[in-house]
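Undergrad: Dropping a structure here in structure tokens format, bear with me for questions.
The values are calculated or read from the model by the stated rules, or taken from the named source; none is laboratory data. Keep in mind that this is a model prediction, so the values were computed, not measured. In this analysis, Cβ positions are derived from the backbone assuming ideal geometry, glycine residues included, and neighbour counts consider all displayed protein chains. Ligands, DNA and RNA are stripped out before the accessible areas are found, and what is left, the full protein with its side chains, is counted by its heavy atoms. Shrake-Rupley method; radii C 1.70, N 1.55, O 1.52, S 1.80 Å.
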Amino acid sequence: MTPLADKIKAIIRQNGPINVTDYFALCLADPEHGYYQTREPFGTGGDFITAPEVSQLFGEMIGIFLVHAWQKHAKLNTPIRIAEIGPGRGTMMSDMLRVISRLAPDLYENATVHLVETSDRLATVQADTLSAHQGKIGWHKSFEEVPDGFLLLAANEFFDAVPIRQFIKTSQGFRERMVGLDDNGELTFAAGFGGIDPALLPEGHARQPIGAIAEIAPARSAIMQAISDRLFNSGGTALFIDYGHLEPGFGDTLQAVLDHRFDPPLAHPGIADLTSHVDFSALADVARARALHVNGMMSQGPFLLELGIAERAGLLGHGKDLETQDRIRTAVARLVGDGDGEMGELFKVLAVSGPQVALQPFET
Ligand code: SAH
């Protein structure tokens, strides 16, 4: 039982069941008890580890990619915004800026840095991590607040934290999946009354069995729309890395993690992290509809390898003791490998650009 569970039960007793989106949003962002407001999620002491926290090489590769994008866009004499949404502890931005300032001092000098973060607590942690770049950085509660200009944007494990809606197939068709109370007053999933326009469901929905779950993410699409509008109007490239799938499909991907273990999603609201898999094809569709060029999508492993993570790891380990070299090797394997607990295949990468530029290592 958690304080947020009590609050959510009281809301349901007062107003009736809430949909999965509202449950998701309360779990992560409730001002009093929300996960990102109250917990320290990252690292070995936290609930999960993200790629930038595994190794500095991750943020460095993203920095190299953004320098490459900037060179391809050949954008000069214009305000440049280096931005990140959902920066966590600020580790990736710190590693990116170190590489950018070395490889492309012009870019570093001419750019301002923008962090989009809803959690005040994490914004304080980010300010600390990035103190070397003080004066260059601004914080924003939403992407729309990032000042206009040529944009180089990166986001790692951001979209998975943006709430989704779920629909469950019943004998009367797909109904919104809700969170209500069972006979004992405990949180439980139930089918609601609200339906969905079948045009919004993935193909093949008519053939799905009773109980099948479809997920849609209007809140993700809205953010992608705002980013796409900016790229269309002012130019630039945005890179997204997340766990998810490249094709739309059916299935319940709502997932809670507590202390490095999976936890039932209704068991510990506000204390467990809550995410869902990202449908990259839906994000790409939004970008295409805004006439952006879609680079990708590819898996994280090949993406990092082709950007040269193995070579960079060799340089980093050069002349160091065996234990350090071993640590670097293990970290790289975790980032690029396709085995159990490794991120290389599970995580996908999507880059969108306006106007069209062909970016490596993407093929199109
Ligand atoms: N990118 C980091 C952190 C991932 S966790 C890493 O890889 O380590 C998700 C991050 O997104 C957290 O910083 C969280 O506070 C932030 N976040 C969640 N919802 C958000 C929203 N709607 N707008 C901006 N940031 C958000």
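Undergrad: According to a simple spin-label model (label point 7 Å from Cα along Cα-to-Cβ), what is the distance in nm between D148 and T324?
TA: Simple spin-label model gives 4.8 nm for this pair.
Undergrad: From the phi angles alone, apply the Karplus equation (6.51, -1.76, 1.60; θ = phi - 60°) to region 249-254 and give each ³J(HN,Hα) in whole Hz, x where the residue is Gly or Pro.
TA: Each residue of region 249-254 in turn: x, 10, x, 8, 10, 4 Hz.
Undergrad: Where the only charges are on Cβ atoms (+1 Lys, Arg; -1 Asp, Glu), what is the dipole of the chain about its Cα centre, to the nearest 20 debye?
TA: The calculated dipole for the chain is roughly 680 debye.
Undergrad: List the residues whose amide H sits under 5 Å from the amide H of A83, counting only those 5 or more places along or on another chain, with H placed 1.01 Å from N in the peptide plane.
TA: So A83 has HN proximity to H114, L152, L153, A154.
Undergrad: Put D340, D263, D22 in order of accessible area, largest first, 1.4 Å probe: what do you get?
TA: D340, D22, D263
Undergrad: Moving on. Two decimals is fine: what's Rg over Rh for region 163-240, C-alpha atoms, Kirkwood radius as Rh?
TA: 1.14
Undergrad: Continuing with the same structure: Give the residue from A272, F250, F240 lying farthest towards the positive end of the charge dipole for region 220-289; charges sit on Cβ (+1 for Lys and Arg, -1 for Asp and Glu) and the dipole is referred to the Cα centre.
TA: Comparing the listed Cα positions along the dipole, F240 ranks first.
Undergrad: Out of all DSSP beta bridges in the chain, what portion is antiparallel? Express it as a percent rounded to 5.
TA: 60 percent
Undergrad: Rounded if a/c is under 1.5, else prolate if a/b beats b/c, else oblate: with a ≥ b ≥ c from the C-alpha gyration tensor eigenvalues square-rooted, which is region 290-362? Mind showing how you got there, number by number?
TA: Working: a/c = 4.55, a/b = 2.01, b/c = 2.26.
Oblate, because a/c is 1.5 or more while a/b does not exceed b/c.
Undergrad: Kindly write out, for region 124-130 in residue order, the coupling ³J(HN,Hα) from the Karplus curve 6.51 cos²θ - 1.76 cosθ + 1.60 (θ = phi - 60°), rounded to whole Hz, with x marking Gly and Pro.
TA: Along region 124-130, the couplings run 5, 4, 4, 4, 5, 4, 9 Hz.
Undergrad: List the pair-distance distribution P(r) of the chain, using every Cα-Cα distance, as the percent of pairs falling in each 10 Å bin from 0 up to the bin containing the longest distance, rounded to whole percents.
TA: Answer for the chain: a P(r) of 5, 23, 32, 25, 11, 3, 0 percent.
Undergrad: Further, regarding this structure: Sticking with the crude label model, points 7 Å out along Cα→Cβ, report the distance from N233 to A74 in nm, one decimal please.
TA: Taking the simple label geometry, N233 and A74 are separated by 2.6 nm.
Undergrad: In the chain, if the dipole is taken from +1 on Lys/Arg beta carbons and -1 on Asp/Glu beta carbons about the Cα centre, which of L359, G308, G59 is farthest to the positive end?
TA: Of the listed residues, the answer is L359.
Undergrad: So in region 244-364, what percent of DSSP beta bridges are antiparallel if you round to the nearest 5? Walk me through the intermediate numbers first.
TA: Numbers: 12 of 14 bridges.
DSSP beta bridges in region 244-364 are roughly 85 percent antiparallel.
Undergrad: Stokes-Einstein diffusion coefficient for region 231-364 at 10 °C in a medium of 1.306 mPa s, Rh from the Kirkwood formula over Cα pairs: what value in µm²/s?
TA: Answer, rounded: 93 µm²/s.
Undergrad: Once the piece of chain linking A199 and A10 is laid out straight, how much longer is it, given 0.36 nm per residue of separation minus the C-alpha distance between them?
TA: Length difference between fully extended and current span is 64.5 nm.
Undergrad: Would you mind putting 1-10, 345-354, 294-303 in packing order, based on average other-beta-carbon counts within 10 Å, highest first? Display every interim value, and only then the final one.
TA: On the way: 1-10: 15.8, 345-354: 22.6, 294-303: 20.9.
Going by the mean number of other Cβ atoms within 10 Å, highest first, we get 345-354, 294-303, 1-10.
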